[in-house]
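Below is one structure; the comments refer to it alone.
The values are calculated or read from the model by the stated rules, or taken from the named source; none is laboratory data. Here the structure is a predicted model, which means the values were calculated and not measured. Quick reminder, even Gly has a Cβ in these numbers, built from the backbone with ideal geometry, and neighbours come from all protein chains shown. These accessible areas exclude ligands, DNA and RNA; they are computed on the full protein's heavy atoms, side chains included. Shrake-Rupley method; radii C 1.70, N 1.55, O 1.52, S 1.80 Å.
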Amino acid sequence: MNEPLDLIVRADRAVIDGAERAAAVGVRDGEIVAIGEVDAPWTAPSDERLGEDEVLLPGMVDTHVHVNDPGRTEWEGFETATRAALRGGATTIIDMPLNSLPPTTTVEALDAKRAAAQGNCFVDVGFWGGAIPGNLDDLLPLYDEGVFGFKCFLIDSGVPEFPPLSAAELDTYLRRTALLGALLIVHAEDETTITEAHGPAYADFVASRPDASEVTAIERVIDAVRRSGGRAHILHLSSAQALPAIRAAKAEGLPITVETCPHYLTFAAETIRDESTAHKCCPPIRSEANRSQLWEALADGTIDCIVSDHSPCTVDLKTPDFGTAWGGVASVQLALAAVWTEARQRGHSLAAVARWMSEKPSALVGLASKGSIEVGRNADLVAFAPDETITVDAATLEHKNKLTAYQDLTLTGVARRTWLRGVPATTERPIGQFLTRGKP
């Protein structure tokens, strides 16, 4: 080592190059500069050795988090959301443009978002822009300011200040994002196939948003991508019935990517009890058979990544009526543990989980500095105990509102220690930085 190191992390098990192996990771100025044998004769002021029951992982990258700040800070905020992310093993989040007031559809709104986040971030934070009717000419200024792409809805978003794009507008916006080289991320449900839900029965709610609502909307996105030359990412895929169309689009070479979420991989409609609106989200959690097909699609690469879609609200908005309750699952702190709990039971490795939850989300948004334990990347590292179990108690979560669909579940896997750009990250001191497209 020609130049001194700041930090060495040694682990008998580390996820590197898609597999587990013993390794020492050398860090200088927040960057991984060397990877060697676990007992490499290096020296540094801080030389850490992981426990025998711990695995060194790259920090998770969660590209789908609703922080709701500014404007709806009673729902969540940067301090609580990023503290929760850190506790769960995530070192980077990308904030969604809606549920905050104002939504991030102009540069002025982005400035307000950054002002709210300044000094309050326990992990690194980037921002999505919004694509709504009437802000076509705001896309370039927002992109120049470093947003990672643009989110749109094809259906009512649930908040009036973020209306959906029509089919014609979807084409127009994809042509504009194609010119920018930007990614359009799409909430893909079709309003013509959805009926109004009322009452406490989960079966009635899931029936009101059938598989066809996703299939129809996703096929519309695929056709629009084909016509426009734009890139599109399908958000929070719930329905396995859309997988054939997605596979065909990818086989055709269309620039389509897809995510799913921990709640779709953990829960099944048959087991959700009536009035449990903590489980309400749109699109909905579907059947056990559907859940298995989503796992298969992750394994074969049809689904690219897993992100939380952390969408919290105040407890009073989760009424026992599925028609009136706010739709969203608060889960950023539990995402890694929930996915690992189910993945290990299905024979998937920690390396696969790191690929789905760190490497692939980083690649999706072009964060070349994140996503893996690799020379040249940020030293965002997690000492993860893959066999330690927790029983979820909402009262102990860092989320601002103590409500979770995972209440009383036993999950496996605990993030014990985290380094953010080579610095020990704790919930006592916010050291997160803002990220912009292409560079920190």
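Things worth noting here:
- Accessible surface ranking for Cys282, Cys121, 1.4 angstrom probe, highest first: Cys282, Cys121.
- Computed from the C-beta positions of Glu275 and Asp300, the FRET efficiency with R₀ = 51 Å rounds to 0.90.
- Near Val258, the amide H atoms lying under 5 Å from its own belong to Ile234, Asp304, Cys305; only residues 5 or more places off or on other chains count, and H is placed 1.01 Å from N.
- For Phe267, the solvent-accessible surface computed with a 1.4 Å probe is close to 20 Å², ligands and nucleic acids excluded.
- For the stretch 140-190 versus the stretch 1-37, the inter-centroid distance based on Cα atoms is 39 Å.
- Cross-link pairs exceeding 20 Å in C-alpha to C-alpha distance, out of Lys280/Lys402; Lys151/Lys400; Lys151/Lys370; Lys370/Lys402, comprise Lys151/Lys400; Lys151/Lys370; Lys370/Lys402.
- Answer label for Kirkwood radius over Cα pairs in Å (calculated), chosen among [x] 22.4; [y] 23.4; [z] 21.8: [z]
- Accessible surface of the chain, 1.4 Å probe: 49 percent of it comes from carbon and sulfur atoms.
- What you get for the chain, charging only the Cβ of Lys and Arg (+1) and of Asp and Glu (-1), is a dipole of about 520 debye around the Cα centre.
- Once the Cα atoms are used to define both axes, helix 288-299 deviates from the longest principal axis of the chain by about 50 degrees.
- Helix 107-117 vs. the chain, principal-axis angle (Cα, 0 to 90°, nearest 10): 50 degrees
- For the chain, share of DSSP beta bridges that run antiparallel, in % to the nearest 5: 50 percent
- Label-point gap, in nm, between Leu140 and Gln293 - each point 7 angstrom along Cα→Cβ: 4.3 nm
- By accessible area with a 1.4 Å probe, ligands and nucleic acids excluded, highest first: order of Glu428, Glu252: Glu428, Glu252
- Each Cα pair under 8 Å and six or more residues apart adds its separation to the average, and for the chain the resulting relative contact order is 21 percent.
- Gain on full stretching of the segment that runs from Ile431 to Asp316 - 0.36 nm per residue minus C-alpha separation: 38.2 nm
- For the pair Arg346 and Gln241, the difference between a 0.36 nm per residue extended length and the Cα-Cα distance amounts to 35.7 nm.
- Degrees, to the nearest 10: 335-345 long Cα axis against longest axis of the chain: 80 degrees
- For the stretch 248-391, the solvent-accessible area with a 1.4 angstrom probe is 32 square angstrom per residue.
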